[in-house]
Amino acid sequence: MHTSDIVVVGAGLVGSALAWGLSRLDQKVTILDEGDQTLRASRGNFGLVWVQGKGAGLSDYARWSLRSATQWPELASALTAQTGVDVALQQKGGLSLALSEDDLQSKVKNLEWLRGEVGAPYDFEVLDNKALKELVPSIGPTIPGATYSPMDGHVNPLKLFLALHRAMHHQGVSLHSNAAVERIERKGGLFICHTAAGKFAAKKVVLAAGLANKKLAQHVDIHAPVEPNRGQVLITERLPTFLNFPTNYVRQTDEGTVQLGDSLEDVGYNDGTTTPVLQNIAQRAVRCFPILANTRVVRSWAALRIMSPDGFPIYQESSSMPGAFLVTCHSGVTLAANHALTLAPWIAGDQKPEAIQAFTANRFNAARTSPLGEEHAH
Ligand SMILES: Cc1cc2nc3c(=O)[nH]c(=O)nc-3n(C[C@H](O)[C@H](O)[C@H](O)COP(=O)(O)OP(=O)(O)OC[C@H]3O[C@@H](n4cnc5c(N)ncnc54)[C@H](O)[C@@H]3O)c2cc1C
């Protein structure tokens, strides 16, 4: 039997950020992962570190996203210092492009409400097409405007994944791939994770297995009502820089390629692509940036978001089995800094941060849900 202080289940962006954060607090950490062929939102996302618009109906989530964006430079520089990997963090602001006047008005209404709730640090500007063109000369003539927020940015999510894995290794985290946890039992004050690769025991266990948390959480008496939501994405050939800000539909990566996204589809566990949806994404991107009309698409894929019923994270310690934690969210890129720098200390033994009190699993007992909206996408 392998033993450690903490076993983290799932080596996606959430589990890796936590495992790395925990190892920096002198915890002996083991991380167990099912393997490369499994569902992995961490490899299929849009790379935004995004704040504007998040938290409609629950401003704690806006504060939580803002806090992570603010902590991101610390995360990025710690990862680079430890691994040499530059995750290409850029936080020059982001644009939420509107496709109609109504769309623009509804974005502004939401942002005004959020600024009223969060206060001064919550910053945005409303741009009409002319003002937008000054910022982004390549914007299409039929885009009525956008909201710009200096709070937003983006990273290279695959480099982030690589950096977290290298950093975990550097910190002595023991990673076991092809070690899907099948069962968790509590025995003699320890949690024992049963896998085909053996048994792994620890005083604490953290469930960070994405969509698999729904079933795994039952073993430690936590309610994890997460469901898949599909997003399809396209990527183009490399282009000279034409877009200096990430937007909600199009972003130019640090490598010059252009990522076009994304859809929101309720199709269960189907992670295949479909031509009509990809066509819509491409057409919308060309409407936003006509320069893309003759650009070659080199790749497309779909990945499944991990959505709770209200779209907000679930951070829960089991009340009947203390020491067992559930950590799941739909914005694992944006929240990576919080997970590594704020949640890890809580799991290691610090008091539960005030900032996460709203994100318990218990809220779903009261059937308080809001429909999945566009602002939940990233
Ligand atoms: C199209 C799309 C666009 C997105 N865009 C953004 C964005 O711009 N910004 C942002 O912040 N977020 C974005 N996201 C969300 C982000 O990608 C996810 O929040 C994040 O990747 C979730 O990471 P995770 O580790 O929870 O899950 P996953 O990446 O799914 O990882 C779960 C891991 O658990 C492992 N596992 C599963 N079952 C078991 C088991 N029984 N035992 C052991 N291991 C197991 C799997 O092997 C896997 O490695 C996007 C997602 C999608 C799909």
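Just a few scattered comments:
- Gap separating the Cα centres of the stretch 259-287 and the stretch 11-50, nearest whole Å: 26
- Residue pairs, from the table K159/K199; K28/K187; K54/K199, whose Cα atoms sit over 28 Å apart: K159/K199; K54/K199
- Set of aspartates and glutamates with alpha-carbon distance to K214 below 14 Å, sequence-local pairs under 8 removed: E182, E227
- The chain - Rg over Rh from alpha carbon coordinates, Kirkwood radius: 0.97
- Looking at the chain, the DSSP beta bridges with both ends there are about 70 percent antiparallel.
- J(HN,Hα) series, the stretch 84-96, from Karplus relation 6.51 cos²θ - 1.76 cosθ + 1.60, nearest Hz, glycine and proline x: x, 8, 8, 7, 6, 5, 10, 10, 8, x, x, 10, 9
- The 3J(HN,Hα) values that the Karplus relation (6.51, -1.76, 1.60; θ = phi - 60°) gives for the stretch 208-222 are, in residue order, 9, 9, x, 5, 5, 4, 3, 7, 4, 4, 4, 5, 10, 6, 10 Hz. Gly and Pro appear as x.
- For S263, residues with placed amide H under 5 Å, excluding near neighbours: Q232
- Taking all protein chains as they are arranged and a probe of 1.4 Å, the heavy atoms of M168 leave approximately 0 Å² accessible to solvent.
- A Gaussian network model of the chain, with springs between Cα atoms under 10 Å, assigns the largest mean-square fluctuation among N244, N270, N294 to N294.
- Whole-Å semi-axes of the stretch 227-307's equivalent ellipsoid (Cα gyration tensor): 23, 13, 11
- Inter-label distance for T38 and K203, nm, one decimal - labels placed 7 Å from Cα along Cα-to-Cβ: 2.6
- When the Cα gyration tensor is reduced to axis lengths a ≥ b ≥ c, the ratio a/c is 1.5 or higher for the stretch 144-209, and with a/b above b/c it is classed as prolate.
- Solvent-accessible surface ranking, highest first, for T80, T30 at 1.4 angstrom: T80, T30
- Near-label residues of the stretch 233-259 by backbone N, under 13 Å of a point 7 Å along Cα→Cβ of L99: 248-250
- The length gained by stretching the chain between K187 and M1 to full extension, at 0.36 nm per residue less their Cα-Cα distance, is 65.6 nm.
- The chain, relative contact order in percent, only Cα pairs under 8 angstrom and at least six apart counted: 25
- Karplus-based coupling profile of the stretch 246-259, in residue order and whole Hz: x, 10, 5, 10, 9, 9, 9, 7, 4, 9, x, 5, 10, 9, with θ = phi - 60° in 6.51 cos²θ - 1.76 cosθ + 1.60 and x standing for Gly or Pro.
- Counting only DSSP H runs of at least 4 residues, each contributing -39500 (n - 2.57), and dividing by the residue count of the chain, the helix-based mean residue ellipticity at 222 nm comes to -8000 deg cm²/dmol.
- Average accessible surface for the chain: 41 Å² per residue, computed with a 1.4 Å probe over protein heavy atoms with every protein chain in place.
- Amide H to amide H distances under 5 Å link A98 with G145, A146, T147, where only residues 5 or more positions off or on other chains count and H is placed in the peptide plane.
The values are calculated or read from the model by the stated rules, or taken from the named source; none is laboratory data. No experiment lies behind these values; they were computed from the predicted model shown. Note that we place each Cβ from the backbone using ideal geometry, even for glycine, and neighbour counts take in every protein chain shown. All accessible areas refer to the heavy atoms of the entire protein, side chains included, with ligands and DNA or RNA removed. Shrake-Rupley method; radii C 1.70, N 1.55, O 1.52, S 1.80 Å.
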